[in-house]
Amino acid sequence: MVEVITLLPLARKHKIVVCVLACYSIGFGAALTPIGEPLATIAISKLNQDFFFLLNLLGRFIIPAVVIIAALGAAYTVWAMRGQEKLDTSDIAATVEEETMSDDEEMEQETWKGIIIRALKVYLFVMALVFLGEGFYPLIDKYILVLDYRLLYWVNMISAILDNATLAAAEISVEMSILQIEAILMGLIIAGGMLIPGNIPNIISASKLRIGSKEWAKIGVPFGLVVMVIFYLILF
């Protein structure tokens, strides 16, 4: 995704919007199976469920959302490119040249060593979260299980500033109702796209494209809040 966005003939501000929307789609889709992202891995582990549990539970919400967000991203890209076509030829050339030079200078070179190290870090991260989740069971039983599922949904907006897999490890319990599980997972998935620390795709994309926290928040937070409200009405 980062490679494609780098090559798009768009101004930087438009690339940031496309990147944020794409990361939302990745965050949604990755939650459908335990190999998609750490959040799904932790959820399946703590709930002692099979491979397709999350797909069966959340697929009817997530799959349409991925399609709609992808369509929004595509429509925005087409709109932005048409807007740039209205500029003078000299302005277009200068913009594309400036963006290309900037991307070439800033783009981090990928190596097999870097890929393997990153994979090992993610594995260790997930392993640590499994242990963390086991340690949180007494707190979950005492404080989380008694909370209303609608409150759990909004409380998990803190996923915007904390990795959603960490919160999943700290909150989810096999003794929860289906509504509580849906509320926690959907709150974490949606809010995880609001800010850079919320999800692994955000962190990697922002690092490679040199997107600042404020730049991401200007797009991610308003969009995420709208999606949170829409899904609150759909879910509850």
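The values are calculated or read from the model by the stated rules, or taken from the named source; none is laboratory data. Since the structure is predicted, the reported quantities are computational estimates derived from the model, not experimental observations. Don't worry about glycine lacking a Cβ; one is built from the backbone with ideal geometry, like all the others, and counts go over all protein chains shown.
Looking across segment 150-173, the residues that are touching an Asp or Glu at 6+ places or on another chain (Cβ under 8 Å) and either closer than 16 Å to residue 37 by Cβ or not polar (S, T, N, Q) (or both) come down to 152, 156, 165. Of note, residue 142 satisfies the criterion of being charged (D, E, K, R) and more than 27 Å from residue 227 (Cα to Cα). Every condition in (1) under 13 Å from the mean Cα position of the chain (by Cα); (2) of a type in the set (A, V, I, L, M); (3) modelled with pLDDT under 85 holds for residue 144 except the one numbered (1).
Restricting attention to segment 197-206, does a residue exist that is crowded, with 24+ Cβ neighbours inside 10 Å and β-branched (Val, Ile, Thr)? Working first, answer last.
Residues of segment 197-206 that are crowded, with 24+ Cβ neighbours inside 10 Å, as a first pass: 198-199, 202.
Add one more test, that the residue is β-branched (Val, Ile, Thr), and what stays is none.
No - not one qualifying residue is present in segment 197-206.
Among the residues of segment 145-196, those that are in contact with a Ser or Thr (Cβ under 9 Å, 6 or more places away or on another chain) and surrounded by fewer than 19 Cβ atoms within 10 Å (Cβ to Cβ) comprise 145, 149.
For beta carbons closer than 9 Å, sequence separation of 6+ or different chains, a first residue in segment 53-81 that is farther than 26 Å from residue 4 by Cβ and a second that is surrounded by 13 or more Cβ atoms within 10 Å (Cβ to Cβ) and of a type in the set (D, E, K, R), the qualifying pairs are 57/182; 58/182; 61/182.
Once segment 34-43 is narrowed to residues that are assigned to a loop (DSSP other than H, G, I, E, B) and touching a helix residue (DSSP H, G or I) at 6+ places or on another chain (Cβ under 6 Å), the residue that is nearest to residue 167 (Cα to Cα) is 37. Does residue 182 fit the bill of being farther than 30 Å from residue 11 by Cα, assigned to a helix (DSSP H, G or I), modelled with pLDDT under 80 and charged (D, E, K, R)? No; evaluated as a whole, the condition is false for this residue.
Condition first: of a type in the set (Gly, Ala, Ser), out of contact with any Gly (no Cβ under 9 Å at 6 or more places or on another chain), part of a helix (DSSP H, G or I) and surrounded by 22 or more Cβ atoms within 10 Å (Cβ to Cβ). Can you find one or more residues in segment 14-32 that meet it? Within segment 14-32, none of the residues are of a type in the set (Gly, Ala, Ser), out of contact with any Gly (no Cβ under 9 Å at 6 or more places or on another chain), part of a helix (DSSP H, G or I) and surrounded by 22 or more Cβ atoms within 10 Å (Cβ to Cβ).
Working carefully through the options 203, 189, find the one that is of a type in the set (Val, Ile, Thr) and farther than 27 Å from residue 138 by Cα. Spell out the reasoning first.
Values: 189 fails: farther than 27 Å from residue 138 by Cα.
203 is the lone residue from the list that is of a type in the set (Val, Ile, Thr) and farther than 27 Å from residue 138 by Cα.
Anything in segment 1-47 that is small (Gly, Ala, Ser) and either within 17 Å of residue 206 (Cα to Cα) or free of Cβ contacts under 8 Å to residues at least 12 places away in the same chain (or both)? List them, or say none. Answer for segment 1-47, where residues must be small (Gly, Ala, Ser) and either within 17 Å of residue 206 (Cα to Cα) or free of Cβ contacts under 8 Å to residues at least 12 places away in the same chain (or both): 11, 22, 25, 27, 36.
Looking only at segment 1-38, count how many residues are among the acidic types (Asp, Glu) and in contact with an Asp or Glu (Cβ under 7 Å, 6 or more places away or on another chain).
Our first condition is that a residue be among the acidic types (Asp, Glu); within segment 1-38, this holds for 3, 37.
Going one step further and asking which of them are in contact with an Asp or Glu (Cβ under 7 Å, 6 or more places away or on another chain), we end up with none.
Result for segment 1-38: 0.
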